[in-house]
Amino acid sequence: MSVNQSGWRPEMGDASQATQTTFTGNRALMLEEALIFEIGSNETTGVDIDDAPKAASRLGNHARKGAIGLPGLSEPEAVRHYTRLSRQNYAIDLGLFPLGSCTMKHNPRLNERMARLPGFADLHPLGPIDTVQGALELIHQLAHWLVTLTNMDSVAMSPKAGAHGELCGILAIKAALEKRGEGHRKTILVPESAHGTNPATAAFAGFTVKAIPATAEGRIDTQALKDRLGPDVAGVMITNPNTCGLFERDLKEISDAVHAAGGYVYCDGANFNAIVGRVRPGDLGVDAMHINLHKTFSTPHGGGGPGSGPVVFSKALTPFAPLPFVEQQDGRFVLVEEETAGEHHADSFGRMVAFHGQMGMFTRALSYILSHGADGLKQVSEDAVLNANYVLRSLDDTLDAPFGGSGPCMHEALFSDANLAEGFSTLDVAKGLIDEGYHPMTVYFPLVVHGAMLVEPTETESKAALDQFIGALKSVGERAKAGDQALKSAPHFAPRRRLDETLAARKPVLAWKDSVVPVAEAAE
Amino acid sequence: MRYLPLTPTDRADMLSVIGADSIDALFVDVPESARLDGPVPGLPNHASELAVERHLSALAAKNVAAGSVPFFLGCGAYRHHVPASVDHLIQRGEYLTAYTPYQPEIAQGTLQMLFEFQSQVARLLGCDVANASMYDGSTACWEAVTMARRVTRKAKAVFSGGVHPHYVSVAKTMAKYTGDVLTTALPVLDAATDDDAVIAGIDADTSCVVVQYPDILGRIPDLRRIADAAHAAKALLIAVVTEPVALGAIEAPGNLGADIVVGEGQSLGVGLQFGGPYVGLFACSEKLVRQMPGRLCGETVDAEGKRGFVLTLSTREQHIRREKATSNICTNSGLCALAFSIHLTLLGEKGLRKLAEVNHAKACAAADRLAQVPGVQLVNESFFNEFTLKLPTEARPVVRELADRGVLAGVSLGRLYPGEDTLGNGLVVAVTETVTEEDIEALATALTEVLA
């Protein structure tokens, strides 16, 4: 069955041939935009700064000689530059963003307003403690929610993103082992389907990574994992639900076995969105888990950050959690830092970051959590899982679903390139989706599936939005199965055609090299 | 439940397409012992937008916002005026709600912005190339130390006593687990920076020297001299900049021989935000780029020959190299990098230089006025917009007392170096363009009264 709602026909040929060139290079609302270095000048500024009485310089002999080479734009030019550039981006605000494992859900604007309250946004991290009581209370409240939702013992709030949270968990495990005199445990077991950050984190902390195979149904090979446990194993890093979109049924059994063998269980919480409010990782024997506030709790991804990755800990690892953290003492909130750690927290592995973490993200996340409440968060995970299963079952007759027989999926649906025509790849499907007006799904991840396509619709999509997406992916999938050559050169309608990534890597151009125009002084 | 579009009818229809008789059937793989019957116990249910706004506004009202009082705090986070258009632009959904630009054909907005950001940062810091951002200055600093280890194949880092103590603390935490050897020192309340001690600490095993510029007390070290000494021992110089506005007035570290320059970019565009999110700056010379951590955006062409931008050199990164990656960083500070870049574009060369000049002039005026307070001594000879005062008594209680009088006077060294008696009387005062003459007078008056 071929569904083509676009009106596009293969015989129309390459879209670019049908497009007349324009003087500007623009195509109506698709606007080209030059670099600030090409349109700005070193004589222009968009900021008026009040004068200050001149003073004799105290810069010593350190004053800057020569031009910096920075272009300036007036305010109207700057607003236009960044607005025009923004229109070359896809975003959740424009449509469904089905990136598996990334949880691109709607970002509520209330959260933005709350984070900008001067009492939070205009607050210095080293302000006297009595002047920041509301901020500490907010951190304390969010911590309470995170600990309760996960049924864990404590939470470290300072990690800056998911990978930083992984590092936090792994360092706590290392500190706990050293305290026990078992610093010789140097192996971390990681399933083949893990996020790339897992092995990178373990290696960064000085561990050796050993891969654990997956079963044919897409879950950890529990027996293989148990067989690998021993006196050299520090712990395991497991993602649950896993990156194939499946719940690891045996996690409790695995946790018990790891604990019995003297190791710890780290859970990658990137996929917590599937179970928040419905399943508590603490009930599954997890010792540490990071929570991506920018995934599960809706803080915006911002084109690549900032994130925030608080880590919840079991009782066994709590003493080793990093500094600083917030405590309530006699109705007053205090910050436990290096100075007071000795009495309160002697085994802490130390500080991971300057100051206290991503306050701006905490405010947004708490705003989201309070909005949903315990009942709403349960509905979040249910709708996320329902939407993903709806996508899976609506498309498994078009695309190969390698684990479609392994039971329901959780929050994401996994497909492979198995039934595409000879010479057609997952990349072609992805680029075809771009022409249909969608950001592609996660592609070529997890590595355990050939040509993986991982679709995570999230709970903030309506049924109508899902139906249109399913229709689009069916159409592109059918074209890839039929060997439609036009797909090989997609996208045809995006601001750019396929970009030459080989050239970019072979001859890296990573910065603007010429001077700013007009040149008043030599820029370099 | 205003963020959830599905209706009960939708849910029923979808379950029938799936062939499941209830939502519980989709959670069948969760072991029974871990299934909850209802919402997580002990937590409140959903709330209206108005109710949430009331709750959070009440918490915000318990804090003393910097803009509401005379304010002089710095030490790694600075209050600058951010033009209104910056916050407007970063809230455009196309930036705010986009992902990391892995599909470049529909992410040229973010990619071109990152290329511009990298170019601005490289020029500001005086280096060939900069990456697309790190979490913050402290983590960028540690990443630079590990990069120096990879480049030099040596593992001893010499930290100047002028490096922010939180940055040192982060490095100490990490070094416990990576085997790097760190030598660190406390700052000395003196006009001279510890350049001589740092140089004396360099030996054949040294991979890098880490120097903050200006340093934690606001003093400006002689980077050129330290760079020469480091290079003679085949070690790298890592310069740490916590106040990028300073580079509108003082020479860029890259132009003084620094091999890697890292920094905290919060001053431009980002705001104080009680410590985060901030934006880490990371720049180095072209020949070291393949050892760099983090994402890089590069120029290329598309199939029609049009200029475009992509993430590149990703064979350094975790999603390709896994355990052999240069760093585990994935999500960085994209939106803060955008705010930084827009603010710097609005300033331009001319605006940044003027901003730096005004900061310096106001700091000079404040230093002179505060040095007249009986018993107070100005420690610095050189400074940009931040300097250290030596009070006749312990500074920490003085700061608290001044806060009670409605003046946020600065950061006491007792807060940053608890238990270090030699530093307890130090007070670090930052003076940016946001400080008025009245603010300076208010601080001087209140300080006089408290010390009397």
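Quick notes on this structure:
- Among the candidates A:226, A:252, the residue that is within 21 Å of residue A:312 (Cβ to Cβ), surrounded by fewer than 22 Cβ atoms within 10 Å (Cβ to Cβ) and either assigned by TED's automatic domain parsing to the domain that holds residue A:197 or modelled with pLDDT under 95 (or both) is uniquely A:252.
- So residue A:318, is it free of Cβ contacts under 8 Å to residues at least 12 places away in the same chain and either closer than 25 Å to residue B:173 by Cβ or at the interface with chain B (Cβ under 7 Å from one of its Cβ atoms) (or both): no
- Picking from residues in region B:101-111 that are out of contact with any Ser or Thr (no Cβ under 7 Å at 6 or more places or on another chain) and either at the interface with chain A (Cβ under 7 Å from one of its Cβ atoms) or closer than 30 Å to residue B:430 by Cβ (or both), the one that is surrounded by the most Cβ atoms within 10 Å (Cβ to Cβ) is B:110.
- Taking residues in region A:498-524 that are within 14 Å of residue B:302 (Cα to Cα) and assigned to a loop (DSSP other than H, G, I, E, B), and partners anywhere that are among the polar types (S, T, N, Q) and modelled with pLDDT of 85 or more, the pairs with Cβ atoms closer than 6 Å and at least 6 places apart or on different chains are A:500/B:300.
- Scan of region B:311-326 for residues that are among the hydroxyl-bearing types (Ser, Thr, Tyr), buried (at least 21 other Cβ atoms within 10 Å of the Cβ) and either modelled with pLDDT of 80 or more or on the phi > 0 side of the Ramachandran plot (or both), ordered by number: B:312
- Of all residues in region A:58-76 being at the interface with chain B (Cβ under 7 Å from one of its Cβ atoms) and farther than 28 Å from residue B:85 by Cα, the one that is surrounded by the fewest Cβ atoms within 10 Å (Cβ to Cβ): A:65
- Identification of helices (runs of 4 or more DSSP H) wholly contained in region B:101-205 with 3 or more residues that are free of Cβ contacts under 8 Å to residues at least 12 places away in the same chain and either touching an Asp or Glu at 6+ places or on another chain (Cβ under 8 Å) or not assigned by TED's automatic domain parsing to the domain that holds residue B:303 (or both) yields no element.
- Options A:343, A:339; residue that is within 7 Å of chain B (Cβ to nearest Cβ), closer than 30 Å to residue B:414 by Cβ and either without any contact (Cβ under 8 Å) to a residue 24 or more places away in the chain or touching a Lys or Arg at 6+ places or on another chain (Cβ under 6 Å) (or both): A:339
- Of the numbered criteria (1) within 16 Å of residue A:388 (Cβ to Cβ); (2) surrounded by fewer than 18 Cβ atoms within 10 Å (Cβ to Cβ); (3) at pLDDT below 95, the one residue A:465 fails is (3).
- Among residues of region B:43-82 being assigned to a loop (DSSP other than H, G, I, E, B), among the small types (Gly, Ala, Ser) and more than 30 Å from the chain's Cα centre (by Cα), the one that is farthest from the other protein chains (Cβ to nearest Cβ) is B:48.
- Residues that are charged (D, E, K, R) and either buried (at least 24 other Cβ atoms within 10 Å of the Cβ) or free of Cβ contacts under 8 Å to residues at least 24 places away in the same chain (or both), drawn from region A:131-165: A:160
- Scanning region A:25-47 for residues that are more than 7 Å from every other protein chain (Cβ to nearest Cβ) and among the aliphatic types (A, V, I, L, M) yields A:28, A:29, A:30, A:31, A:34, A:39.
- If you check A:265, A:286, A:258 for being among the β-branched types (Val, Ile, Thr), in a loop (DSSP other than H, G, I, E, B) and within 30 Å of residue B:28 (Cα to Cα), only one passes: A:286.
- Those helices (runs of 4 or more DSSP H) of region A:58-121 in which at least 3 residues are closer than 30 Å to residue B:358 by Cβ and touching a residue at least 12 places away in the same chain (Cβ under 8 Å), considering only elements entirely within it, cover A:75-86, A:118-121.
- Evaluation of residue B:88 against the conditions (1) facing chain A (nearest Cβ under 7 Å); (2) under 18 Å from residue A:300 (Cβ atoms); (3) free of Cβ contacts under 8 Å to residues at least 60 places away in the same chain shows that the sole unmet condition is (1).
- Failed item in (1) outside any loop (DSSP other than H, G, I, E, B); (2) within 14 Å of chain B (Cβ to nearest Cβ), with residue A:236 passing the rest: (2)
- Residue selected from region B:6-42 under the condition surrounded by 10 or more Cβ atoms within 10 Å (Cβ to Cβ) and acidic (Asp, Glu), by the criterion farthest from the other protein chains (Cβ to nearest Cβ): B:24
- In the condition set (1) within 8 Å of another protein chain (Cβ to nearest Cβ); (2) in contact (Cβ under 8 Å) with a residue 12 or more places away in the chain; (3) part of a helix (DSSP H, G or I), residue B:339 is compliant with all but (1).
- Inclusion of residue B:260 among residues that are over 26 Å from residue A:359 (Cα atoms), buried (at least 24 other Cβ atoms within 10 Å of the Cβ) and in contact with an Asp or Glu (Cβ under 8 Å, 6 or more places away or on another chain) is not warranted.
- Test for residue B:354: is it modelled with pLDDT under 95 and either under 23 Å from residue A:445 (Cα atoms) or not assigned by TED's automatic domain parsing to the domain that holds residue B:239 (or both): no
- Applying the criterion of at least 1 residues that are more than 9 Å from chain A (Cβ to nearest Cβ), over 30 Å from residue B:91 (Cβ atoms) and of a type outside the set (Phe, Trp, Tyr) to the strands (runs of 3 or more DSSP E) found wholly in region B:206-310 leaves B:206-212, B:236-241, B:260-264, B:280-284.
The values are calculated or read from the model by the stated rules, or taken from the named source; none is laboratory data. Note that the coordinates shown come from a computational prediction; the quantities given were computed from them, not determined experimentally. FYI the Cβ positions are ideal-geometry reconstructions off the backbone, even for glycines, and counts take in every protein chain you see.
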